[in-house]
Structure formats: C-alpha cells, structure tokens
Amino acid sequence: MAGAIIENMSTRKLCIVGGILLVFQVIAFLVGGLIAPSPTTAVPYMSVKCIDVRKNHHKTKWLMPWGPNHCKKLKDFDEAVSRQIEANDIVFAVHIPLPSKEMSPWFQFMLFIMQLDIAFKMDNDLKENAEITLDVSLAYRDDMFNDWEEIAHAIEIRKLKCTFGSPKTVESEGRHYDCDFLPFMEIGSVAHKYYLINIRLPVNDRKGINVGIGEIKDIRLVGIHQNGGFTKVWFAMKTFLTPSILIIMVWYWRRITLMTRAPVLLEKVIFALGISMTFINIPVEWFSIGFDWTWMLLFGDIRQGIFYAMLLSFWIIFCGEHMMDQNERNRLSGYWKQVGPIAVGSFCLFIFDMCERGVQLKNPFYSIWTTEVGTELAMAFIIVAGICLCLYFLFLCFMVFQVFRNISGKQSSLPAMSKARRLHYEGLIFRFKFLMLITMACAAMTVIFFIVSQVTEGHWKWGDITIQVNSAFFTGIYGMWNLYVFALMFLYAPSHKNYGEDQSNGDLGVNSGEELQLTTTITHVDGPTEVYKLARKEAQE
C-alpha cells in the first residue's frame with residue numbers, strides 16, 4: 001500500500017512538472033509570436049552609376065550616390081557611350097542605409113545578395129558559363145560629414161546563371177535575362193551608422209576580363225539584417241534562461257556528488273548537455289552592441305554545433321544505457337560506432353563553416369560557392385555530414401526499437417512481483433517511454449515549425465491580432481530545448497529520499513535504507529537499480 005502511494009505521488013509530481021514546462025513552452029512561442037517583430041528585414045537597394053575618370057580611382061576617393069558631395073551620375077549606358085566614358089570609369093555606388101536612416105548595432109549582421117539587370121543585344125550576347133569580375137570596396141563612417149574609412153577591398157569573380165525566355169533575334173533586343181541571385185557580402189556586426197559600397201566592373205579584352213557578360217544595365221542589391229526589436233527580445237530570453245539552466249545544473253551535479261558512488265555515464269552526459277546549453281545561453285551578444293565583433297556569427301555557429309552534437313550523443317547513450325540485455329554499459333567507448341558519425345559529421349560542418357564564415361572575417365565578399373573547387377569542397381563536406389547523419393539515425397532507430405522490445409519482454413516478469421514493487425517498476429518504464437515520446441515530440445516540433453516558417457508569409461492575422469510565425473519559431477524552439485534540458489536534469493537527478501526500514505522490507509521488498517529512485521531505471525545511490533540487476537541477470541542467463 002505504501003509503495004502504491006509513493007508511486008502515485010511520483011506520477012503526480014511528474015504530471016505537475018510536465019504541466020509547468022508546457023506552460024513555459026507556450027509562453028516561449030507567444031513571446032516570439034506576439035511581442036517580437038519579424039526576425040529579419042530585407043531592404044532593396046538600386047546602385048547609382050557614378051563617373052570617375054581619375055587615375056588610381058579607388059585609392060583617392062569614395063563616390064557617394066547622393067548627399068552634398070554626391071558623384072557625377074549617369075542615367076544609363078547610352079549616355080556613357082555618347083559622352084565617350086569607358087566602362088572602367090564607371091562606379092556603381094550604394095549607400096547603406098537609405099537616405100534619412102541609420103544602421104544600428106541591434107541589427108547584428110548584414111547579408112547582401114546581388115541581382116544583375118542584363119539586357120540581350122545581338123552584338124554583345126551573354127556567353128555560356130560567363131563569369132563577371134567585381135572590384136568591390138566597403139567603407140563606413142558614423143557621421144555624415146566625416147571621411148569614409150575602408151573596411152575591405154577585394155576582387156571577386158561570380159558565375160552568371162541566366163536564361164532567356166525569348167528567341168535571340170533582333171526583335172528581342174532590350175529584353176532582360178532571368179538571372180539567379182549572386183552571393184555578394186556578409187558581415188557579422190553592424191557597429192557603424194553608415195556604410196558605402198563601390199563596385200567596379202573592370203574590362204580587359206586581352207585577359208578576357210568582363211568580356212561576354214552581356215549588356216549590364218543596373219546592379220541591384222538586397223540587404224538583409226536582423227530587426228532591432230527581435231534582437232532585444234532574443235537577448236532578454238537568453239538573459240532569463242541563462243541563470244535558470246545554470247541553477248538547475250549546479251543543483252543536479254550537487255545531488256550526484258552527494259552519492260556514495262561515482263557518477264554513471266548517463267549522468268555525466270546529461271551534465272555535459274547542460275553545460276553545452278548554458279554555453280549557448282550565455283548572452284555574450286550584449287557586448288556586440290558596444291564592440292565591433294564581426295566573429296559573432298561564426299561563434300554562434302560553433303556554439304550551436306556543440307549543443308547539437310551533445311544532444312545527438314545523449315540520445316544514443318540514453319537508449320544504450322536502458323538496453324536491458326546489453327552487457328557493456330556505463331562506458332563511452334562502448335558507443336564509438338554510434339558516436340563516431342556524430343564526431344565526423346560535426347567536424348565536416350565545422351570545416352565548412354571555417355571555409356565560409358572564417359574567411360569572411362577578413363574578406364566579407366568571399367563565398368565558397370563562387371568557384372568550382374570551392375563548390376566541390378563544400379558539397380563534399382555537406383555530403384559526408386549528411387551520410388553521417390543518416391548512419392546516426394539508423395543506429396538510433398535500431399537502438400530505440402531494441403529498448404522498447406526489451407522493455408516489453410521484461411514486463412512479463414512484473415506479475416510475479418509484489419503489487420508495490422510492480423507498480424514501482426511500471427512507473428519507471430512509463431517514465432522512460434514518456435521521455436522518449438517527449439524527445440520525439442520536440443524533434444517533430446522543430447521540423448514542423450521550420451517547414452511552416454519556410455512556406456508561410458511570415459505572419460498570421462486573426463482580426464486585430466498578428467502572430468509573427470518566424471519569430472515564434474525561433475523563440476519557441478529555443479525555449480523548447482532549454483526546457484527539455486531543464487526537465488532532463490530535474491527528472492534524472494538521483495533521489496535522496498529514504499522511506500525507512502519498514503517500508504523497504506515490507507511491500508517494496510528492497511533492502512533496508514535503499515533509496516527509491518524517482519526517475520531513472522539504471523542509477524541508484526550505490527549502484528544499479530533492481531530493474532537493471534534483474535535484466536542483467538536474465539541477459540547473462
């Protein structure tokens with residue numbers, strides 16, 4: 001009777017904890033959907049064609065598209081031909097942001113893509129597999145009357161992928177090609193108020209530079225940056241969640257160190273998962289408001305990579321440690337086949353990220369996808385990582401299947417036990433299945449909300465209420481994994497409750513002074529639980 005009461009209490013506690021976590025999960029989605037604006041904003045920019053007929057063009061002067069010191073402009077290239085202005089003397093200038101506006105450190109990053117307006121002309125057709133050479137420069141200033149300071153200068157090559165929907169005849173002259181967007185620039189901080197981009201298209205017939213690229217009419221840029229309002233909500237969430245996870249992590253490890261035994265592998269992995277989650281949560285982004293830290297994007301990718309690698313490793317070890325007929329347990333070396341693909345895949349993605357965003361720290365115009373060698377290298381890293389991910393999920397699905405099959409087999413031994421002991425073990429099995437279902441639900445929600453954020457317009461509107469779907473996705477999924485890690489440490493912390501000799505020797509049928517584990521089927525104050533001992537004995541027989 002006492003065992004049934006204890007088990008009912010523990011199940012009630014589990015329901016209460018689940019309800020509280022569900023409430024916080026809903027709040028996490030509502031914060032993004034109702035309070036935060038859209039995560040990013042896309043701003044189109046049309047370049048202005050400036051005239052620069054001086055020698056050493058770039059080294060002496062920056063050309064402004066508008067303002068008191070604006071450049072001499074061209075309306076179109078027909079005017080340039082009539083005025084005998086060469087292509088090398090034309091600069092495409094773009095000022096960021098638009099007039100009467102300022103950039104802000106709250107924007108966090110700037111990503112630019114380029115679109116070329118190329119017209120068809122019989123005597124200047126676009127060649128197949130044509131490449132365009134860009135002489136690009138980026139500068140900044142914090143006052144409209146200060147001099148421009150250079151950030152970067154580079155000569156970049158981009159492949160043109162264009163199609164023409166009409167027959168290439170004289171009647172089709174003047175119609176534009178349909179060209180793919182080109183990656184142009186990415187910087188990991190917005191520390192200054194004003195930015196200026198100067199783009200040249202140098203022509204050299206002898207070297208074949210910018211020959212056979214068609215008749216370029218205009219250069220358009222689309223700038224994407226994070227919304228300041230979303231950044232503030234995001235920072236607030238990280239600031240709130242950091243102490244929450246840190247406190248539960250300290251509490252969890254303290255409960256483990258109070259044990260007379262050494263920590264088991266599963267407890268160590270859960271603690272490592274908490275550390276990786278805390279590493280993501282620490283709001284170092286606050287410093288990006290006052291410092292020009294262009295490496296924040298790369299740092300964020302590394303933090304996320306560490307967390308996801310730990311999360312995937314935890315799932316494998318969690319299933320393995322509940323494999324009731326597995327002899328090799330509580331050893332990380334026993335999981336090298338399953339954890340190996342995670343390590344290889346994470347390493348490949350890390351190298352890819354270093355080849356892309358790592359190089360962009362010096363040259364923001366660089367893109368690994370612009371050359372054949374770079375594209376093949378990037379695809380190789382991504383394919384290897386994808387293969388490793390597939391192998392991992394095959395291993396994981398097989399282990400989950402084995403665990404549930406073994407648990408079902410062991411349940412046949414439960415009727416022979418006393419009622420209290422049977423209820424206790426049934427509760428343990430129930431909690432394992434419960435956590436597996438929660439894990440599957442978290443993974444499914446991540447995939448579902450990612451798909452929804454890609455196919456919707458970014459917001460839903462019911463009457464006067466507007467829900468930002470993309471913001472809800474970011475804050476909700478981020479909050480969900482924090483709650484998941486929180487729940488793991490709370491539910492799998494070793495219990496220090498002692499129910500006394502009478503209860504232990506009575507209905508429960510366990511040794512005097514033995515702790516009744518609330519949440520795990522494998523850890524105990526001095527070693528494995530009775531379920532684990534029973535399973536090992538049957539497996540060895």
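Can you pull out the residues in the range 169-221 that are crowded, with 17+ Cβ neighbours inside 10 Å and either hydroxyl-bearing (Ser, Thr, Tyr) or not assigned by the TED database to the domain that holds VAL48 (or both)?
TYR177, SER189, TYR194, TYR195
Yes/no per residue for (1) acidic (Asp, Glu); (2) out of contact with any Gly (no Cβ under 9 Å at 6 or more places or on another chain):
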{"residue": "LYS159", "(1), (2)": "no, yes"}
{"residue": "VAL170", "(1), (2)": "no, yes"}
{"residue": "TYR177", "(1), (2)": "no, no"}
{"residue": "GLY208", "(1), (2)": "no, yes"}
{"residue": "ASP218", "(1), (2)": "yes, yes"}
{"residue": "GLY228", "(1), (2)": "no, yes"}
{"residue": "SER244", "(1), (2)": "no, yes"}
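Filter the range 222-250 down to the residues that are touching a residue at least 60 places away in the same chain (Cβ under 8 Å) and aliphatic (A, V, I, L, M), then identify the one that is surrounded by the most Cβ atoms within 10 Å (Cβ to Cβ).
So the first thing to find is which residues in the range 222-250 are touching a residue at least 60 places away in the same chain (Cβ under 8 Å), and the list is 222-234, 237, 241, 244-245, 248-249.
From what is left, the residues that are aliphatic (A, V, I, L, M) are 222, 224, 233, 237, 241, 245, 248-249.
Details: VAL222: 15, ILE224: 15, VAL233: 19, MET237: 21, LEU241: 24, ILE245: 22, ILE248: 19, MET249: 20.
The qualifying residue surrounded by the most Cβ atoms within 10 Å (Cβ to Cβ) is LEU241.
Identify all residues within the range 193-217 that are in a strand (DSSP E or B), over 31 Å from the mean Cα position of the chain (by Cα) and among the hydrophobic types (A, V, I, L, M, F, W, C); write none if there are none.
Start the filter on the range 193-217 by keeping residues that are in a strand (DSSP E or B), which leaves 194-200, 204, 209, 213, 215-217.
Subset that is over 31 Å from the mean Cα position of the chain (by Cα): 198-200, 204, 209, 213, 215-217.
ILE199, ILE209, ILE213, ILE216 - these are the residues of the range 193-217 that are in a strand (DSSP E or B), over 31 Å from the mean Cα position of the chain (by Cα) and among the hydrophobic types (A, V, I, L, M, F, W, C).
Can you pull out the residues in the range 406-464 that are modelled with pLDDT of 75 or more, open to solvent by 40 Å² or more (accessible area, probe 1.4 Å), under 32 Å from the mean Cα position of the chain (by Cα) and not hydrophobic (A, V, I, L, M, F, W, C)?
Answer for the range 406-464, where residues must be modelled with pLDDT of 75 or more, open to solvent by 40 Å² or more (accessible area, probe 1.4 Å), under 32 Å from the mean Cα position of the chain (by Cα) and not hydrophobic (A, V, I, L, M, F, W, C): just LYS433.
Looking at CYS388, CYS348, which one is open to solvent by less than 20 Å² (accessible area, probe 1.4 Å) and touching a Pro at 6+ places or on another chain (Cβ under 6 Å)? Before the answer, list the steps.
On the way: CYS348 fails: touching a Pro at 6+ places or on another chain (Cβ under 6 Å).
Only one candidate qualifies: CYS388.
Residues LEU361, LEU377, LEU394, LEU349: which one is more than 24 Å from ILE113 (Cα to Cα) and in the same structural domain as ASP292 (by the TED database)?
LEU394
So MET144 clears everything in (1) among the aliphatic types (A, V, I, L, M); (2) surrounded by fewer than 17 Cβ atoms within 10 Å (Cβ to Cβ); (3) assigned to a strand (DSSP E or B) except one condition, right? Which one?
(3) is the only condition that MET144 fails.
Could you tell me whether ALA93 is open to solvent by less than 40 Å² (accessible area, probe 1.4 Å) and modelled with pLDDT under 90?
On the way: open to solvent by less than 40 Å² (accessible area, probe 1.4 Å): yes; modelled with pLDDT under 90: no.
When the stated conditions are applied, ALA93 does not pass them.
For a quick check of your reading: which helices (runs of 4 or more DSSP H) sit entirely within the range 1-84 and have at least 3 residues that are touching a helix residue (DSSP H, G or I) at 6+ places or on another chain (Cβ under 7 Å) and at pLDDT below 85? It would help to see each step written out before you state the result.
On the way: elements: 2-30, 57-60, 77-82.
Helices (runs of 4 or more DSSP H) meeting the threshold: 2-30.
Write out, first by first residue and then by second, each pair whose Cβ atoms fall under 7 Å of each other, whose residues are 6+ apart or on separate chains, and whose first residue, in the range 433-447, is within 13 Å of VAL485 (Cα to Cα) while the second is surrounded by 13 or more Cβ atoms within 10 Å (Cβ to Cβ) and not aromatic (Phe, Trp, Tyr).
CYS442/MET480
Give all pairs with beta carbons closer than 7 Å in which a residue from the range 66-82 that is without any contact (Cβ under 8 Å) to a residue 40 or more places away in the chain and more than 18 Å from SER100 (Cα to Cα) meets a residue that is part of a loop (DSSP other than H, G, I, E, B) and open to solvent by less than 100 Å² (accessible area, probe 1.4 Å); count only pairs at least 6 apart in sequence or on separate chains.
Going by the 7 Å Cβ cut-off, the qualifying pairs are CYS71/LEU63; CYS71/PRO65; ALA80/LEU74.
For every residue, the table says whether it meets (1) without any contact (Cβ under 8 Å) to a residue 40 or more places away in the chain; (2) not small (Gly, Ala, Ser).
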{"site": "TRP286", "(1), (2)": "no, yes"}
{"site": "LEU312", "(1), (2)": "no, yes"}
{"site": "ILE317", "(1), (2)": "no, yes"}
{"site": "GLU321", "(1), (2)": "no, yes"}
{"site": "GLY334", "(1), (2)": "yes, no"}
{"site": "PHE347", "(1), (2)": "yes, yes"}
{"site": "GLY358", "(1), (2)": "no, no"}
{"site": "ASN363", "(1), (2)": "no, yes"}
{"site": "ILE368", "(1), (2)": "yes, yes"}
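If MET399 satisfies every condition in (1) at pLDDT 80 or above; (2) more than 24 Å from GLN25 (Cα to Cα); (3) open to solvent by 60 Å² or more (accessible area, probe 1.4 Å) but one, which is the exception?
Here MET399 meets the rest and fails (3).
Taking the range 76-90 as the region of interest, how many residues are under 43 Å from the mean Cα position of the chain (by Cα) and loosely packed, with under 13 Cβ neighbours inside 10 Å?
Within the range 76-90, the subset under 43 Å from the mean Cα position of the chain (by Cα) is 76, 87-90.
If we keep only those that are loosely packed, with under 13 Cβ neighbours inside 10 Å as well, we get 76.
Adding up the residues that qualify gives 1.
What number of residues within the range 311-342 satisfy the criterion of being open to solvent by 50 Å² or more (accessible area, probe 1.4 Å) and at pLDDT 90 or above?
Total satisfying the criteria: 0.
Just name the residue that is nearest to THR41 (Cα to Cα) out of those in the range 105-133 that are in contact (Cβ under 8 Å) with a residue 12 or more places away in the chain and surrounded by fewer than 17 Cβ atoms within 10 Å (Cβ to Cβ). Can you show your working first?
Pass one, the range 105-133, residues in contact (Cβ under 8 Å) with a residue 12 or more places away in the chain: 105-122, 124-127, 129-133.
Next, from what is left, pick out any that are surrounded by fewer than 17 Cβ atoms within 10 Å (Cβ to Cβ): 115, 117, 121-122, 124-125, 127, 129.
Details: GLN115: 18, ASP117: 23, LYS121: 36, MET122: 39, ASN124: 37, ASP125: 36, LYS127: 35, ASN129: 32 Å.
Restricting to residues being in contact (Cβ under 8 Å) with a residue 12 or more places away in the chain and surrounded by fewer than 17 Cβ atoms within 10 Å (Cβ to Cβ), the top hit is GLN115.
The values are calculated or read from the model by the stated rules, or taken from the named source; none is laboratory data. What you see is a predicted model; the values in this text were computed from it and never measured. Cβ sites come from the backbone with ideal geometry, for glycine too, and all protein chains shown count toward neighbours. Ligands, DNA and RNA are stripped out before the accessible areas are found, and what is left, the full protein with its side chains, is counted by its heavy atoms. Shrake-Rupley method; radii C 1.70, N 1.55, O 1.52, S 1.80 Å.
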